[in-house]
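Some notes on the structure that comes next.
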Amino acid sequence: MPNLGDCDATDLKLLAALQHDSGRTADELAAEVALSPSAIARRIRRLRETGVIERDVAVLSEQATRHLSVLVDVQLDRHALPEVEALIRRLNGCDEVQLLLQISGAFDLTLMVSVPDMDAFNIFVDTMLGSDRVVRRYESRFVKKRRKFSTAVPLPVQD
């Protein structure tokens, strides 16, 4: 199992830089992390092989996609494991679901859903939530404007 505790200070600095822009070359990263480009490339390869770096993705701008973003809180009617696990598998397999969190409190799940428009959202909730017997109710909150979005995890990096 990958563990940040196995990373040294240089790994952490490299990971912090990659979280903000993983498209930079080893030469570009060498200006920020005091290593040769070949040493940086070796470290990145090791971090990928050990699973510390799970994958590299492109983050699309909100203006480019013009999608409707919706936070959906889901309260489950039943907590029997097979039915809940089946719902979670369906939601995990759904491209519209960007984030799926199992949470504590009045609701059991929180989803971040991205759809082209309101018609698509209605189809999503009707097919994914409204027709599932394990879902007691759901509440939707529509994102008016994204003020911050990051996938970066704060790391204890020392300069």
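Tell me the residue from R89, R55, R45 that is outside any loop (DSSP other than H, G, I, E, B), without any contact (Cβ under 8 Å) to a residue 60 or more places away in the chain and under 30 Å from D8 (Cβ atoms), please.
Testing whether each residue is outside any loop (DSSP other than H, G, I, E, B), without any contact (Cβ under 8 Å) to a residue 60 or more places away in the chain and under 30 Å from D8 (Cβ atoms) leaves just R45.
Suppose we keep only residues that are touching a Leu at 6+ places or on another chain (Cβ under 9 Å) and exposed (fewer than 14 other Cβ atoms within 10 Å of the Cβ) within region 113-136. Which one would you say is farthest from T10 (Cα to Cα)?
Checked region 113-136; the qualifying residue farthest from T10 (Cα to Cα) is R136.
Testing V74 on (1) in a helix (DSSP H, G or I); (2) of a type in the set (A, V, I, L, M); (3) in contact (Cβ under 8 Å) with a residue 40 or more places away in the chain; (4) within 15 Å of M112 (Cα to Cα), one condition comes back false. Which one is that?
Here V74 clears every test but (1).
Please find, among A120, A80, A58, the residue that is of a type in the set (G, A, S) and closer than 30 Å to H20 by Cα.
That would be A58, the only listed residue that is of a type in the set (G, A, S) and closer than 30 Å to H20 by Cα.
Among S22, S36, which is surrounded by 10 or more Cβ atoms within 10 Å (Cβ to Cβ), out of contact with any Ser or Thr (no Cβ under 6 Å at 6 or more places or on another chain), farther than 27 Å from K148 by Cα and without any contact (Cβ under 8 Å) to a residue 40 or more places away in the chain? Break it down stepwise before answering.
Values: S22 fails: farther than 27 Å from K148 by Cα.
Among S22, S36, only S36 is surrounded by 10 or more Cβ atoms within 10 Å (Cβ to Cβ), out of contact with any Ser or Thr (no Cβ under 6 Å at 6 or more places or on another chain), farther than 27 Å from K148 by Cα and without any contact (Cβ under 8 Å) to a residue 40 or more places away in the chain.
Of the residues that make up region 95-112, is at least one at pLDDT 95 or above, touching a helix residue (DSSP H, G or I) at 6+ places or on another chain (Cβ under 6 Å), assigned to a loop (DSSP other than H, G, I, E, B) and surrounded by 15 or more Cβ atoms within 10 Å (Cβ to Cβ)?
Taking every residue of region 95-112 in turn, at least one turns out to be at pLDDT 95 or above, touching a helix residue (DSSP H, G or I) at 6+ places or on another chain (Cβ under 6 Å), assigned to a loop (DSSP other than H, G, I, E, B) and surrounded by 15 or more Cβ atoms within 10 Å (Cβ to Cβ).
The values are calculated or read from the model by the stated rules, or taken from the named source; none is laboratory data. Since the structure is predicted, the reported quantities are computational estimates derived from the model, not experimental observations. A quick note on method: Cβ atoms are made from the backbone with ideal geometry, for glycine too, and the neighbour counts reach across all protein chains shown.
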